[in-house]
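K.L.:
Below are the structure tokens for one structure; questions will follow.
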Amino acid sequence: MASLSSKRNSALDIMDDFQESDGDESEDRLSWRLDPEESLSDWTLLVQKQDCLSVKEYHVHKNILAVGPCKSDYFASLFRTQMREAETSTSRIELEDVAADAVPNMLDFMYSSQHELHVTSELAVSLRYLAQYFGIKLLHRRVMSFLKSDMNVTNVHLYIQSAQLFHDEKMLSVASNLCIENIEDFDVNSPLLQSIDPDFFYEIISSPEVDTCSVSCHVSTLVAAYSRLHQEDLNQEIFDKLTDRRFIPLIDKESAMSLLELEAATEASTTDEATTTSTSTTKTTTTCLQKRCIKVLAQHWKEFADQGHLPAVRSFPPHVMGELFERTLVTAKNDMEHCLKSVSAQIEKHAQVMTQKLQEAALAVERQVEQEQHARRRLENELELMRRDVRDRDRELAEYRREWGRMVRVPVNHAFRDVKRCTYHHESGSEPFDNPGHHVGQFGKSRPTAMPSIGEASDDGYLFLQKTGNYTERWPMFYYTDRR
């Protein structure tokens with residue numbers, strides 16, 4: 001069975017008349033870029049640029065241009081009618097330079113099997129124009145999908161330039177809405193200000209969708225930057241439209257001086273033109289823009305003076321310069337008065353605070369003095385009581401001394417033997433000092449009227465006993481009697 005299978009495969013290989021040989025490549029995909037004889041091109045498209053009058057020749061195929069999902073309605077209609085181009089199989093089309101540069105991208109898309117589109121921000125509007133011009137619906141959808149995701153504040157000026165070139169009002173409307181919605185994201189260095197014309201710029205800032213109350217100062221900076229960039233192209237009428245109070249009721253302090261300079265330059269150029277044609281009239285009243293600029297400059301007179309704008313002020317018309325200085329002096333005076341009032345109020349407030357603190361401190365001192373006085377009076381009372389007690393004690397002691405002086409100790413004429421401890425012990429073991437007279441003699445027969453309450457009274461009345469361990473001590477006793 002294996003031998004039969006190998007024989008069958010060999011036979012099939014012999015039957016393959018288009019078997020690839022070494023070095024052969026797969027066939028090239030059909031393209032307008034190929035040699036017209038090799039690709040069997042059956043139509044020639046001549047594209048002429050309007051500005052430089054150069055002509056570019058493209059060798060295309062009618063079935064690609066007029067059939068399929070990427071077909072062109074323009075070419076489909078052309079190929080189906082008997083027109084003069086059919087005799088030479090050639091079409092000549094005159095396009096704007098940027099549109100002519102995008103033709104290769106259009107043809108690549110039409111020839112691509114995967115409908116691949118190579119598009120950039122610079123070519124997007126041109127491809128949209130070509131899709132509309134030649135009626136290529138799929139190309140138009142793909143370009144619009146790219147436009148929606150690509151257009152932003154950094155490249156919108158490219159779309160505006162191309163849309164104005166092709167008079168694409170819908171694209172201009174989309175770009176204008178984007179600028180209006182994101183007007184705060186544009187700064188004075190944005191390429192948009194350099195590329196758009198005054199009418200389109202006026203359309204943006206004058207849109208009802210712009211909140212003039214919140215973005216007025218920012219719009220004034222854009223107007224000042226735009227007017228300086230296009231100063232040669234602006235006349236008094238356009239400048240007045242761009243600086244209308246309805247669109248910039250508030251002027252940014254950084255743009256006020258620039259706008260005054262532009263106003264003066266515009267008036268000067270208008271006066272020069274009027275002088276050459278007819279009799280000119282010199283303005284002696286300030287315009288609405290000048291009043292707004294003077295107001296904001298006067299409010300920030302310190303910064304205005306510090307930034308060294310005085311030389312530029314000398315180029316202003318006399319009435320503008322005079323009103324600017326007058327408003328500045330009035331504002332400076334008001335600021336100084338306000339500052340003085342503020343300082344006075346602060347001093348007064350500080351004085352009130354200090355007065356209140358002093359009053360509180362004085363009250364605290366008074367309370368402390370009162371407490372100390374009360375304590376002093378209390379101590380003096382206590383001291384007086386103690387003095388009274390001392391005097392009473394002194395009187396008692398004096399009385400005791402007087403009583404003591406009237407007393408005499410009995411006996412007075414007898415000498416006691418100073419014996420504190422008896423060393424005599426009875427051998428029989430009886431109580432020591434059985435014979436009190438052994439150490440102490442008899443001193444009369446009178447007994448004391450009262451005996452002390454301590455110790456043990458002895459029989460003789462003149463001694464008291466104090467036992468210490470196994471010993472008994474005998475102490476002599478005295479009594480006192482009146483000397484009288």
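Quick note: the coordinates plus some simple rules give every number you see, no bench work behind them. In this text, all values refer to a predicted model and were calculated from it rather than measured experimentally. So basically every Cβ, Gly included, is an ideal-geometry build from the backbone, and we count neighbours across all protein chains shown.
K.L.:
In nm, give the distance between the simple-model label positions of Asn177 and Ser269, each being 7 Å from the Cα along the Cα-to-Cβ direction.
P.N.:
3.5 nm
K.L.:
Could you rank the peptides 118-125, 147-154, 341-348, 329-336 by their average count of other C-beta atoms within 10 Å per residue, with the highest value first? Walk me through the intermediate numbers first.
P.N.:
Numbers: 118-125: 18.8, 147-154: 14.1, 341-348: 10.0, 329-336: 12.5.
Top of the packing list down: 118-125, 147-154, 329-336, 341-348.
K.L.:
Something else about it: Please work out whether segment 124-226 counts as rounded, prolate or oblate from its C-alpha gyration tensor, where a ≥ b ≥ c are the square roots of the eigenvalues and a/c under 1.5 means rounded, while otherwise a/b larger than b/c means prolate and anything else oblate?
P.N.:
In terms of gyration-tensor shape, prolate.
K.L.:
Expressed in nm to one decimal, what extension gain is obtained for the pair Glu396 and Glu85 from 0.36 nm per residue of sequence separation less their Cα-Cα distance?
P.N.:
Details: separation 311, 0.36 × 311 = 111.96 nm, distance 15.94 nm.
Taking Glu396 through Glu85 to full extension adds about 96.0 nm, to one decimal.
K.L.:
Counting Lys and Arg as +1 and Asp and Glu as -1, what is the net charge of the other residues whose Cβ lies under 11 Å from the Cβ of Asn63? All intermediate terms of the calculation are to be shown ahead of the outcome.
P.N.:
Working: positive: Lys62, Lys71; negative: Asp42.
Surrounding charge for Asn63 is +1.
K.L.:
Next up: For Gln290, what is the net charge nearby, where nearby means another residue's Cβ is under 9 Å from its Cβ and Lys, Arg count +1, Asp, Glu -1?
P.N.:
Its environment carries a net charge of 0.
K.L.:
Apply 1/(1 + (r/R0)^6) to the Cβ-Cβ distance of Glu384 and Glu360, taking R0 = 35 Å, and write down the FRET efficiency to the nearest 0.05. Show your work: numbers first, answer last.
P.N.:
Details: r = 36 Å, r/R0 = 1.03.
For R0 = 35 Å, the calculated efficiency reads 0.45.
K.L.:
Count neighbours as other Cβ atoms within 10 Å of each site's Cβ, and list the GluC sites (Glu not before Pro) in segment 54-120 that are DSSP loop with at most 16 such neighbours. Show your work: numbers first, answer last.
P.N.:
Working: sites: Glu57, Glu85, Glu87, Glu94, Glu96, Glu116; in loops: Glu96, Glu116.
For GluC sites (Glu not before Pro) across segment 54-120 that sit outside H, G, I, E and B with at most 16 neighbouring Cβ atoms in 10 Å, the list reads Glu96, Glu116.
K.L.:
With a sphere of radius 12 Å drawn around the Cβ of Tyr202, what net charge do the other residues whose Cβ falls strictly inside it have (Lys, Arg +1; Asp, Glu -1)? Could you put the intermediate results ahead of the total?
P.N.:
On the way: positive: Lys241, Arg246; negative: Asp197, Asp199, Glu203, Glu237, Asp240, Asp244.
Net of charged neighbours comes to -4.
K.L.:
Please compute the length gained on full extension between Thr468 and Ser207, using 0.36 nm multiplied by the number of residues separating them and subtracting their Cα-Cα distance. Present the calculation step by step, with values, prior to reporting the outcome.
P.N.:
Working: separation 261, 0.36 × 261 = 93.96 nm, distance 12.83 nm.
Contour length minus Cα-Cα distance gives 81.1 nm.
K.L.:
Then there is this: Taking only the Cα atoms of segment 28-127, how large is their convex hull per residue, in Å³?
P.N.:
Hull volume over Cα atoms, normalised by residue count, gives 107 Å³.
K.L.:
Provide, for q = 0.16, 0.17, 0.28 Å⁻¹, the log10 of I(q)/I(0) from a solvent-free Debye sum over equal Cα point scatterers in segment 118-183.
P.N.:
Evaluating at q = 0.16, 0.17, 0.28 Å⁻¹ gives log10 I(q)/I(0) of -0.47, -0.53, -1.34.
K.L.:
As an exercise, use a Förster radius of 35 Å and the Cβ-Cβ distance of Glu116 and Arg246 to find the FRET efficiency, rounded to the nearest 0.05. Intermediate values should be presented prior to the final figure.
P.N.:
Values: r = 49 Å, r/R0 = 1.41.
The computed FRET efficiency comes out at 0.10.
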